[in-house]
Amino acid sequence: MEYKESNLVERCLHSELVYDGDVVHLYVDKVAQPDGTCGVREYVKHIGAVAVLPLTANGEVVCVQQYRYAHGVVMTEIPAGKLDSREEDHVEAALRELREETGATCERLTYLGLFRSTPAILDEKIDLYLAEGLTFGEQDLDDDEFLNVVRIPLQTLVDRVMEGKIADGKTQVAVLKTNELLRRRNEGRA
């Protein structure tokens, strides 16, 4: 049976906060499903985040490498971080994360779009940006932040994404969107 989009909406009947952490908040909700039956939805609420792909004048992407405890590996990613509050301006947050993690400031910040990492169980929204016209200063890492800064040519990152060697979803999307944006600019379409 095919449903119209308006007929796919589930309605919350009861919501229970099961865990209220500093970063995530776990809920278990009883919902009315489109066919009238009841279901259970377990999901995590998150304040939201920003991520920035810093692109140098010679086409290198300034990435960070950091250990991701949940996966037990060091990942190569673009600079990113959670919002300080739901009201925080996302552009200001992106500029803050860029400076803190890489020491860079930028002349131009281009919005690349919204990324929802795991929509079935997490409401986190990550605004993606491209930073150009970079100037470098000192990093200002958080006390619990340990990372290496590396520069990787954009085309090398595109190849690594396509080969499955970049595991981080927000980085994959930002790399591919930036590559396409630059292609369109070169063709005079952006």
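If I histogram all Cα-Cα distances within the chain using bins 5 Å wide from 0, what percent of pairs lands in each bin? Percent of Cα pairs in each bin: 1, 7, 13, 17, 17, 13, 10, 8, 6, 4, 1, 0.
Each part gets one Cα centre, and for region 81-103 versus region 1-66 those centres are 20 Å apart.
You can think of it this way: the chain between residue 22 and residue 114 has 30.8 nm of extra reach, that is 0.36 nm per residue less the Cα-Cα gap.
Backbone amide hydrogens, once placed in the peptide plane, bring residue 76 within less than 5 Å of 167, excluding anything fewer than 5 places away on its chain.
Magnitude of the charge dipole for region 49-186, about its Cα centre and with charges confined to Cβ atoms of Lys, Arg (+1) and Asp, Glu (-1), is about 840 debye. Only beta bridges with both residues in region 49-186 are counted; by DSSP, about 80 percent of them are antiparallel.
The string of couplings for region 147-153 from the Karplus curve (6.51, -1.76, 1.60, θ = phi - 60°) is 8, 10, 9, 10, 10, 10, x Hz, one whole number per residue in order, with x for Gly and Pro. Among the GluC sites (Glu not before Pro) in region 1-40, those located in a DSSP loop and surrounded by at most 13 other Cβ atoms within 10 Å of their own Cβ are 2, 10. A simple count of charges around residue 26, restricted to other residues whose Cβ falls under 12 Å of its Cβ and scoring Lys, Arg +1 and Asp, Glu -1, yields -3.
Placing R0 at 35 angstrom, the Cβ-Cβ distance between residue 146 and residue 187 gives a FRET efficiency of 0.30 after rounding to 0.05.
For the residue pairs 30/170; 45/165; 45/177; 45/82, the alpha carbons lie more than 24 Å apart in 30/170; 45/165; 45/177.
Extension gain, residue 180 to residue 5, is 60.0 nm, computed as 0.36 nm per intervening residue step minus the present C-alpha separation.
Bear in mind that the values in this text are calculations on the coordinates, not laboratory data. Keep in mind it's a predicted model, so treat the numbers as computed, not measured. Every residue, glycine as well, gets a Cβ built from its backbone with ideal geometry; the counts of neighbours run over all protein chains shown.
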